[in-house]
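What follows is a single structure, written as C-alpha coordinates, with notes after it.
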Amino acid sequence: MIARRIDEAFARPAPRDGDHDLFAEFRDLLGRGEIRAAQPDPAAEHGWRVNAWVKRGILLGFRLGSLARYDLGEGLLHFADKSTFPPKASPPGGGTRVVPGGSAVREGAYLGRGVTCMPPMYVNVGAWVGDGTMIDSHALVGSCAQVGRRCHISAAAQIGGVLEPVGALPVIVEDEALVGGNCGVYEGAIVKRGAVLGAGVILTRSTPVFDIVRGEVLRADGDLPLVIPGGSVVVPGSRPIGTGIGREWKLSLQAPVIVKYRDDRTGERIRLEELLR
(Lines give C-alpha, C1' and ligand atoms only; values in the text may rest on other atoms or scores of the structure.)
Protein backbone atom coordinates (compact mmCIF):
# COMPACT_ATOMS: atom_id res chain seq x y z
CA MET A 1 0.00 0.00 0.00
CA ILE A 2 1.37 3.40 -0.94
CA ALA A 3 0.56 4.93 2.46
CA ARG A 4 2.89 2.46 4.20
CA ARG A 5 5.64 3.01 1.61
CA ILE A 6 5.40 6.78 1.97
CA ASP A 7 5.62 6.56 5.76
CA GLU A 8 8.65 4.30 5.53
CA ALA A 9 10.42 6.65 3.11
CA PHE A 10 9.55 9.67 5.26
CA ALA A 11 10.97 8.01 8.37
CA ARG A 12 14.34 7.24 6.77
CA PRO A 13 17.10 9.77 7.53
CA ALA A 14 18.39 9.65 3.94
CA PRO A 15 16.69 8.82 0.64
CA ARG A 16 17.15 5.47 -1.04
CA ASP A 17 17.02 4.33 -4.63
CA GLY A 18 13.42 4.27 -5.72
CA ASP A 19 12.21 7.07 -3.44
CA HIS A 20 11.95 9.52 -6.34
CA ASP A 21 9.85 7.01 -8.29
CA LEU A 22 7.68 6.43 -5.24
CA PHE A 23 7.14 10.16 -4.84
CA ALA A 24 6.30 10.57 -8.53
CA GLU A 25 3.65 7.85 -8.16
CA PHE A 26 2.30 9.54 -5.04
CA ARG A 27 2.18 13.00 -6.66
CA ASP A 28 0.37 11.60 -9.68
CA LEU A 29 -2.34 10.07 -7.46
CA LEU A 30 -2.62 13.34 -5.54
CA GLY A 31 -2.93 15.37 -8.75
CA ARG A 32 -5.69 13.08 -10.03
CA GLY A 33 -7.63 13.43 -6.80
CA GLU A 34 -7.38 9.72 -6.00
CA ILE A 35 -5.78 10.45 -2.63
CA ARG A 36 -6.47 13.52 -0.49
CA ALA A 37 -4.98 15.25 2.54
CA ALA A 38 -8.43 15.15 4.13
CA GLN A 39 -11.67 13.50 3.12
CA PRO A 40 -15.30 13.37 4.23
CA ASP A 41 -15.91 10.94 7.09
CA PRO A 42 -19.41 10.71 8.61
CA ALA A 43 -17.91 9.02 11.67
CA ALA A 44 -15.77 12.07 12.52
CA GLU A 45 -17.33 14.63 14.88
CA HIS A 46 -16.86 17.44 12.36
CA GLY A 47 -17.40 15.23 9.30
CA TRP A 48 -13.81 15.11 8.01
CA ARG A 49 -10.79 12.85 8.49
CA VAL A 50 -7.17 13.97 8.11
CA ASN A 51 -4.87 11.67 6.11
CA ALA A 52 -1.62 12.58 7.83
CA TRP A 53 0.40 10.21 5.62
CA VAL A 54 -0.52 12.35 2.59
CA LYS A 55 1.00 15.40 4.25
CA ARG A 56 4.09 13.36 5.05
CA GLY A 57 4.29 12.44 1.36
CA ILE A 58 4.23 16.11 0.36
CA LEU A 59 6.95 16.92 2.91
CA LEU A 60 8.97 13.99 1.52
CA GLY A 61 8.76 15.64 -1.89
CA PHE A 62 10.29 18.84 -0.56
CA ARG A 63 13.11 16.80 0.98
CA LEU A 64 13.79 14.92 -2.27
CA GLY A 65 13.64 17.94 -4.57
CA SER A 66 16.44 20.22 -5.65
CA LEU A 67 16.16 23.79 -6.88
CA ALA A 68 15.19 23.94 -10.55
CA ARG A 69 14.50 26.74 -13.02
CA TYR A 70 11.24 26.78 -14.96
CA ASP A 71 10.72 28.91 -18.06
CA LEU A 72 7.40 29.94 -19.51
CA GLY A 73 6.78 31.75 -22.76
CA GLU A 74 10.16 30.92 -24.33
CA GLY A 75 12.10 32.47 -21.49
CA LEU A 76 9.93 35.55 -21.06
CA LEU A 77 8.98 34.40 -17.57
CA HIS A 78 11.05 32.21 -15.31
CA PHE A 79 11.08 31.19 -11.69
CA ALA A 80 12.75 28.67 -9.39
CA ASP A 81 11.15 25.96 -7.27
CA LYS A 82 11.71 22.42 -6.06
CA SER A 83 12.23 20.00 -8.94
CA THR A 84 9.60 17.72 -7.38
CA PHE A 85 6.86 20.37 -7.67
CA PRO A 86 6.79 21.83 -11.19
CA PRO A 87 3.83 23.88 -12.43
CA LYS A 88 0.77 21.76 -13.16
CA ALA A 89 -0.21 21.48 -16.81
CA SER A 90 -3.82 21.91 -17.84
CA PRO A 91 -4.16 19.38 -20.64
CA PRO A 92 -6.70 19.94 -23.42
CA GLY A 93 -9.91 18.15 -22.58
CA GLY A 94 -9.16 18.23 -18.86
CA GLY A 95 -12.17 20.44 -18.30
CA THR A 96 -10.27 23.12 -16.38
CA ARG A 97 -10.43 26.68 -17.67
CA VAL A 98 -7.31 28.71 -16.82
CA VAL A 99 -7.79 32.25 -18.12
CA PRO A 100 -4.54 33.94 -19.27
CA GLY A 101 -2.97 36.45 -16.94
CA GLY A 102 -0.53 34.98 -14.44
CA SER A 103 -2.33 32.15 -12.64
CA ALA A 104 -0.44 29.08 -11.44
CA VAL A 105 -1.28 25.66 -10.05
CA ARG A 106 1.39 23.50 -8.44
CA GLU A 107 1.75 19.83 -9.26
CA GLY A 108 0.13 17.72 -6.59
CA ALA A 109 -3.04 19.83 -6.59
CA TYR A 110 -6.32 18.49 -7.95
CA LEU A 111 -8.73 20.57 -10.03
CA GLY A 112 -12.04 18.98 -10.98
CA ARG A 113 -13.88 19.29 -14.27
CA GLY A 114 -15.25 22.69 -15.08
CA VAL A 115 -13.09 24.56 -12.55
CA THR A 116 -12.51 28.17 -13.68
CA CYS A 117 -9.31 29.97 -12.69
CA MET A 118 -9.41 33.75 -13.14
CA PRO A 119 -6.06 35.55 -13.29
CA PRO A 120 -4.03 35.87 -11.23
CA MET A 121 -4.77 33.10 -8.74
CA TYR A 122 -2.77 30.31 -7.13
CA VAL A 123 -3.50 26.77 -5.99
CA ASN A 124 -0.85 25.11 -3.84
CA VAL A 125 0.22 21.47 -3.52
CA GLY A 126 -2.21 19.08 -1.84
CA ALA A 127 -5.24 21.25 -2.47
CA TRP A 128 -8.41 19.59 -3.80
CA VAL A 129 -10.89 21.73 -5.78
CA GLY A 130 -14.19 20.17 -6.81
CA ASP A 131 -16.05 20.25 -10.12
CA GLY A 132 -17.53 23.52 -11.28
CA THR A 133 -15.83 25.75 -8.71
CA MET A 134 -14.63 29.24 -9.64
CA ILE A 135 -11.40 30.61 -8.17
CA ASP A 136 -11.45 34.33 -8.82
CA SER A 137 -8.69 36.89 -9.36
CA HIS A 138 -6.00 37.23 -6.67
CA ALA A 139 -7.46 34.30 -4.72
CA LEU A 140 -5.33 31.67 -2.98
CA VAL A 141 -6.16 28.06 -2.25
CA GLY A 142 -3.46 27.02 0.19
CA SER A 143 -1.63 23.73 0.67
CA CYS A 144 -3.96 20.78 1.42
CA ALA A 145 -7.09 22.98 1.54
CA GLN A 146 -10.22 21.14 0.44
CA VAL A 147 -12.75 23.12 -1.63
CA GLY A 148 -15.96 21.45 -2.70
CA ARG A 149 -18.01 21.42 -5.88
CA ARG A 150 -19.76 24.46 -7.33
CA CYS A 151 -18.13 26.89 -4.90
CA HIS A 152 -17.09 30.46 -5.63
CA ILE A 153 -13.83 31.64 -4.10
CA SER A 154 -14.16 35.36 -4.78
CA ALA A 155 -11.52 37.92 -5.67
CA ALA A 156 -8.66 38.27 -3.16
CA ALA A 157 -10.06 35.56 -0.86
CA GLN A 158 -7.48 33.52 1.04
CA ILE A 159 -8.11 29.85 1.82
CA GLY A 160 -5.26 29.10 4.18
CA GLY A 161 -2.96 26.12 3.87
CA VAL A 162 -1.31 23.79 6.37
CA LEU A 163 1.36 21.12 6.07
CA GLU A 164 2.64 20.98 9.64
CA PRO A 165 1.71 19.67 12.09
CA VAL A 166 0.78 16.80 9.82
CA GLY A 167 -2.21 15.84 11.94
CA ALA A 168 -3.81 19.27 11.75
CA LEU A 169 -7.05 19.58 9.82
CA PRO A 170 -6.70 21.74 6.71
CA VAL A 171 -9.24 24.41 5.82
CA ILE A 172 -12.44 22.86 4.44
CA VAL A 173 -14.95 24.66 2.21
CA GLU A 174 -17.79 22.31 1.39
CA ASP A 175 -19.96 22.13 -1.73
CA GLU A 176 -21.88 25.16 -3.01
CA ALA A 177 -20.34 27.60 -0.53
CA LEU A 178 -19.57 31.19 -1.47
CA VAL A 179 -16.47 32.84 -0.01
CA GLY A 180 -16.75 36.57 -0.61
CA GLY A 181 -14.07 39.00 -1.71
CA ASN A 182 -11.17 39.65 0.69
CA CYS A 183 -12.28 36.87 3.04
CA GLY A 184 -9.72 34.84 4.95
CA VAL A 185 -10.38 31.29 6.16
CA TYR A 186 -7.48 29.88 8.17
CA GLU A 187 -6.32 27.31 10.76
CA GLY A 188 -8.54 24.39 9.87
CA ALA A 189 -11.90 26.20 9.89
CA ILE A 190 -14.74 24.30 8.21
CA VAL A 191 -17.28 26.15 6.08
CA LYS A 192 -20.18 23.74 5.68
CA ARG A 193 -22.24 23.14 2.57
CA GLY A 194 -24.03 26.14 1.10
CA ALA A 195 -22.70 28.70 3.58
CA VAL A 196 -22.10 32.26 2.40
CA LEU A 197 -19.23 34.38 3.75
CA GLY A 198 -19.81 38.06 3.01
CA ALA A 199 -16.92 40.18 1.78
CA GLY A 200 -14.25 40.75 4.39
CA VAL A 201 -15.10 37.94 6.83
CA ILE A 202 -12.03 36.51 8.63
CA LEU A 203 -12.21 33.10 10.30
CA THR A 204 -9.46 31.58 12.50
CA ARG A 205 -9.32 29.17 15.44
CA SER A 206 -9.51 32.12 17.85
CA THR A 207 -12.45 33.80 16.07
CA PRO A 208 -15.83 33.56 17.84
CA VAL A 209 -18.75 33.71 15.44
CA PHE A 210 -22.02 35.16 16.73
CA ASP A 211 -25.16 33.45 15.45
CA ILE A 212 -27.93 35.98 16.12
CA VAL A 213 -30.49 33.71 14.44
CA ARG A 214 -30.04 30.75 16.82
CA GLY A 215 -28.62 32.68 19.77
CA GLU A 216 -25.29 30.83 19.85
CA VAL A 217 -21.60 31.73 19.88
CA LEU A 218 -19.52 29.35 17.73
CA ARG A 219 -15.90 28.68 18.65
CA ALA A 220 -13.14 26.17 18.05
CA ASP A 221 -12.93 23.86 21.06
CA GLY A 222 -9.77 21.91 21.86
CA ASP A 223 -9.01 19.68 18.89
CA LEU A 224 -12.31 20.55 17.25
CA PRO A 225 -12.25 23.24 14.56
CA LEU A 226 -14.40 26.30 14.10
CA VAL A 227 -17.40 25.12 12.07
CA ILE A 228 -19.64 27.49 10.10
CA PRO A 229 -23.10 25.90 9.74
CA GLY A 230 -24.44 24.90 6.37
CA GLY A 231 -26.60 27.51 4.68
CA SER A 232 -25.58 30.28 7.07
CA VAL A 233 -24.91 33.81 5.85
CA VAL A 234 -21.95 35.39 7.67
CA VAL A 235 -21.06 39.09 7.53
CA PRO A 236 -18.32 41.14 9.22
CA GLY A 237 -19.24 42.68 12.55
CA SER A 238 -17.60 44.15 15.63
CA ARG A 239 -17.98 43.98 19.40
CA PRO A 240 -16.72 46.52 21.94
CA ILE A 241 -13.94 45.69 24.39
CA GLY A 242 -15.63 45.77 27.80
CA THR A 243 -12.68 46.17 30.17
CA GLY A 244 -9.43 48.06 30.72
CA ILE A 245 -7.78 50.47 28.36
CA GLY A 246 -9.62 48.98 25.40
CA ARG A 247 -12.91 50.11 26.89
CA GLU A 248 -11.49 53.51 27.77
CA TRP A 249 -10.28 53.97 24.21
CA LYS A 250 -13.60 52.69 22.85
CA LEU A 251 -11.94 49.96 20.80
CA SER A 252 -13.76 47.07 19.16
CA LEU A 253 -12.78 43.58 18.00
CA GLN A 254 -13.86 42.03 14.72
CA ALA A 255 -16.73 39.64 15.21
CA PRO A 256 -18.27 37.70 12.30
CA VAL A 257 -22.05 37.52 12.61
CA ILE A 258 -24.49 34.95 11.20
CA VAL A 259 -27.37 37.20 10.21
CA LYS A 260 -29.58 34.66 8.43
CA TYR A 261 -29.75 31.27 6.78
CA ARG A 262 -30.04 30.93 3.03
CA ASP A 263 -33.44 31.36 1.45
CA ASP A 264 -34.72 31.53 -2.12
CA ARG A 265 -33.51 35.14 -2.57
CA THR A 266 -30.00 34.26 -1.40
CA GLY A 267 -29.91 31.26 -3.72
CA GLU A 268 -31.07 33.31 -6.69
CA ARG A 269 -28.26 35.84 -6.25
CA ILE A 270 -25.70 33.05 -6.02
CA ARG A 271 -27.07 31.31 -9.12
CA LEU A 272 -26.25 34.45 -11.09
CA GLU A 273 -22.58 33.41 -10.74
CA GLU A 274 -23.29 30.57 -13.19
CA LEU A 275 -23.43 33.16 -15.98
CA LEU A 276 -19.69 33.77 -15.55
CA ARG A 277 -18.60 30.14 -15.88
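The values are calculated or read from the model by the stated rules, or taken from the named source; none is laboratory data. Keep in mind the model is a prediction, meaning the values are calculated, not measured. All Cβ positions, glycine included, derive from the backbone under ideal geometry; neighbour counts span all protein chains shown. Note: accessible area is taken over every heavy atom of the protein model, side chains too, but ligands, DNA and RNA are not part of it. Shrake-Rupley method; radii C 1.70, N 1.55, O 1.52, S 1.80 Å.
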Which residue, chosen from 203, 1, 255, occupies the Cα position most advanced towards the positive end of the dipole of the chain, where the dipole is computed from +1 (Lys, Arg) and -1 (Asp, Glu) charges on Cβ about the Cα centre? 255
For segment 1-158, convex hull of alpha carbons as volume per residue, Å³: 129 Å³
Mind giving me the nanometre distance, one decimal, between the label points for residue 241 and residue 155, set 7 Å out from Cα along Cα→Cβ? 3.4 nm
Using a 1.4 angstrom probe on heavy atoms only, work out the carbon and sulfur share of the accessible area of the chain in %. 54 percent
Segment 1-121 - accessible surface per residue (Å², probe 1.4 Å): 54 Å²
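Please give the per residue accessible area of segment 195-261, computed with a probe of 1.4 Å over protein heavy atoms only, in Å².
Ligands and nucleic acids excluded, the figure is 55 Å² per residue.
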Largest-first principal axis extents, alpha carbons of segment 169-209, Å: 24, 21, 15
Net charge around residue 241, counting only other residues with Cβ within less than 12 Å of its Cβ (Lys, Arg = +1; Asp, Glu = -1)? +2
Mind grabbing the accessible area of residue 205 for me, 1.4 Å probe, Å², rounded to tens? 90 Å²
So how far apart, in nm, are the two label points at residue 219 and residue 28 if each is 7 Å from Cα heading toward Cβ? 4.9 nm
In nm, to one decimal, how far is the residue 3 label point from the residue 69 one, both placed 7 Å along Cα→Cβ? 4.2 nm
re segment 94-248: pairs of Cα atoms spaced beyond 24 Å account for a percent value of 32 percent
Please label the shape of segment 102-185 as rounded, prolate or oblate, based on the square roots a ≥ b ≥ c of the eigenvalues of the alpha-carbon gyration tensor (a/c under 1.5 means rounded; beyond that, a/b larger than b/c means prolate, else oblate). rounded
Using Stokes-Einstein with the Kirkwood hydrodynamic radius over Cα pairs, what translational diffusion coefficient do you get for segment 1-68 at 4 °C and a viscosity of 1.567 mPa s, in µm²/s rounded to a whole number? 101 µm²/s
P(r) tail fraction, the chain - alpha-carbon pairs more than 22 Å apart, %: 59 percent
What is the Cα convex hull volume of segment 104-145 when expressed per residue in Å³? 49 Å³
